[in-house]
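The values are calculated or read from the model by the stated rules, or taken from the named source; none is laboratory data. Nothing here was measured: the structure is a model prediction, and the numbers come from that model. Glycine also receives a Cβ, built like all others from the backbone with ideal geometry; neighbour counts cover every protein chain displayed. Accessible surface areas use protein heavy atoms only, side chains included; no ligands, DNA or RNA. Shrake-Rupley method; radii C 1.70, N 1.55, O 1.52, S 1.80 Å.
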Amino acid sequence: MSTVLNRWRSVHLGTTTIVYAALVGIVGLGALVVSIEGGNLLSGANIVDLLTRSSLLGFIAIGQTLVILCRSLDLSVGYVMALSSLVAATTMAGDVSRIPIAVAAALGVSAVIGFLNGVVITKLKVNAFIATLGMGLIIKGYLDTQYAGPAGDVPQAFQAFGYTRIGPIPLSTVVLFVLAAAGIWFLHRTRTGHHMYAVGGDAEVARMSGVRTDRTVIIAHILCALAAGVAGLLIASRFGTGSALVYDDGYDLESIAAVVLGGTYLLGGRGGIGGTIGGVLILATLDSVFNILGVDPFIKDVLRGVIIIAAVAVYARRSLVGKVSRRRFTDDAHPPDLDTVEHGSDNRQEGRA
């Protein structure tokens, strides 16, 4: 039996591997279905559209991954994105020389909002769902009263961020991949990144081990808001103005869906940005397929919901089976400490993600 178990372990796939295997399968199946209808999912125009569609959600989802790893979340990201686009566009006012200060102002405002979210959650002990939802509503009230429509003027030089391509790849997608690589390095090569996993795994144990848990959560929320601010800059570059109405596009919940679809545990402590990018690409691929086929929006949302629920169910099942298998087949002559086994498994899972 131990031989069978060792073989099972040798082929046991990490969650991130499964996410990208699923992405390949969805792209292949989608291409087949579209070709049957006389289209071509993998045409140059469709690939550019898919990557462009991924960029905006990808920026937000990277930030959302960090807070979810800390067993938190952020429902204000859509509002932060809208506010950031307006701050950038109105500060630029069509003047190329004002681009640096506009970018700094947009990201600065975003960072302040993230800091406030983190402080309310950690110091006032307000649930993250309520704290970030409340912050989002405050921003919404400001946007609704101060901006009746688009505002500001983005110079042509900055619009290149939204429309320039490097070969077939949009510049915004290149920036997304660079930011994702930086985020992966941050999580796995810095002390703060390790602390995020520790806080999400067990905040009390992390605190007793010397981790400054409050500071870690605050940093995660600041980085999440900054990522939403970058998404706002992308909105401004594409529209040529700031837009207050983008908060209605559901990026808050969709970013959480992408993170969970990418294999990050919603209760924190396990997962990573690599899987999140796979989840974003899966959602973008599904959207592209549905749009090409002209699927009814209601049916499209139903199918997306079913896929997300099924994916999370598979992850939960794999996690449960893995724990049961370890406990059942461990050598009885040398029973391990269960805490060591489970935490060791969690660490391996984090490394894969």
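Got a number for residues in segment 98-140 being in contact with a helix residue (DSSP H, G or I) (Cβ under 7 Å, 6 or more places away or on another chain) and assigned to a helix (DSSP H, G or I)? The total comes to 28. Filtering segment 216-262 to residues that are open to solvent by less than 10 Å² (accessible area, probe 1.4 Å) and touching a strand residue (DSSP E or B) at 6+ places or on another chain (Cβ under 7 Å) leaves ALA236, GLY242. Does ARG53 satisfy the condition of being surrounded by fewer than 21 Cβ atoms within 10 Å (Cβ to Cβ), closer than 19 Å to GLY279 by Cβ and of a type outside the set (Asp, Glu)? When the stated conditions are applied, ARG53 passes them.
Taking only segment 200-231 into account, find how many residues are in a helix (DSSP H, G or I) and either small (Gly, Ala, Ser) or under 28 Å from ALA106 (Cβ atoms) (or both). Let's see the steps before the verdict.
At the first step, the residues of segment 200-231 found to be in a helix (DSSP H, G or I) are 200-201, 203-208, 213-231.
Among the residues that remain, those that are also either small (Gly, Ala, Ser) or under 28 Å from ALA106 (Cβ atoms) (or both) are: 200-201, 203, 206, 214-231.
Of the residues in that region, 22 qualify.
Here LEU171 meets each of (1) more than 30 Å from ALA131 (Cβ to Cβ); (2) aliphatic (A, V, I, L, M); (3) in contact (Cβ under 8 Å) with a residue 60 or more places away in the chain with one exception, condition (3).
For the subset of segment 29-53 comprising residues that are of a type in the set (Gly, Ala, Ser) and assigned to a helix (DSSP H, G or I), which member is farthest from the chain's Cα centre (by Cα)? Full working, then the answer.
If we filter segment 29-53 for residues that are of a type in the set (Gly, Ala, Ser), which is where we start, we get 30-31, 35, 38-39, 43-45.
From what is left, the residues that are assigned to a helix (DSSP H, G or I) are 30-31, 35, 44-45.
Values: GLY30: 23, ALA31: 25, SER35: 31, GLY44: 26, ALA45: 25 Å.
For segment 29-53, the residue satisfying everything is SER35.
Could you please let me know if SER43 is surrounded by fewer than 17 Cβ atoms within 10 Å (Cβ to Cβ) and hydroxyl-bearing (Ser, Thr, Tyr)? Taking the combined requirement at face value, the residue satisfies it.
Please go through segment 289-306 and pick out each residue that is assigned to a helix (DSSP H, G or I) and either open to solvent by less than 60 Å² (accessible area, probe 1.4 Å) or touching a residue at least 40 places away in the same chain (Cβ under 8 Å) (or both).
Taking segment 289-306 and keeping what is assigned to a helix (DSSP H, G or I), we get 289-293, 297-306.
If the condition is that a residue be assigned to a helix (DSSP H, G or I) and either open to solvent by less than 60 Å² (accessible area, probe 1.4 Å) or touching a residue at least 40 places away in the same chain (Cβ under 8 Å) (or both), then VAL289, PHE290, ILE292, LEU293, LYS300, ARG304, GLY305 are the ones that fit.
Take segment 67-80 and flag every residue that is open to solvent by 10 Å² or more (accessible area, probe 1.4 Å) and not in a loop (DSSP other than H, G, I, E, B). TYR79, the sole residue that qualifies. Residues in segment 29-40 that are open to solvent by less than 50 Å² (accessible area, probe 1.4 Å) and out of contact with any Ser or Thr (no Cβ under 8 Å at 6 or more places or on another chain): ALA31, VAL34, GLY39. When segment 137-156 is filtered for residues that are at pLDDT 90 or above and open to solvent by less than 60 Å² (accessible area, probe 1.4 Å), the ones remaining, listed by number, are ILE139, GLY141, LEU143, VAL154, PRO155. Do we find that LEU86 is in contact with a strand residue (DSSP E or B) (Cβ under 6 Å, 6 or more places away or on another chain), open to solvent by less than 40 Å² (accessible area, probe 1.4 Å), within 27 Å of ARG165 (Cβ to Cβ) and outside any loop (DSSP other than H, G, I, E, B) in this structure? Against the criterion (in contact with a strand residue (DSSP E or B) (Cβ under 6 Å, 6 or more places away or on another chain), open to solvent by less than 40 Å² (accessible area, probe 1.4 Å), within 27 Å of ARG165 (Cβ to Cβ) and outside any loop (DSSP other than H, G, I, E, B)), LEU86 qualifies. The set of residues from segment 192-210 being open to solvent by 30 Å² or more (accessible area, probe 1.4 Å) and over 21 Å from the mean Cα position of the chain (by Cα) comprises ASP202, ALA203, GLU204, VAL205, ARG207, MET208, SER209, GLY210. Residue pairs whose Cβ atoms lie under 9 Å apart, separated by 6 or more positions or on different chains, with the first residue in segment 31-51 and closer than 27 Å to LEU171 by Cα and the second exposed (fewer than 12 other Cβ atoms within 10 Å of the Cβ), are LEU41/LEU32; GLY44/PRO168; ILE47/PRO168; VAL48/PRO168; LEU51/PRO168.
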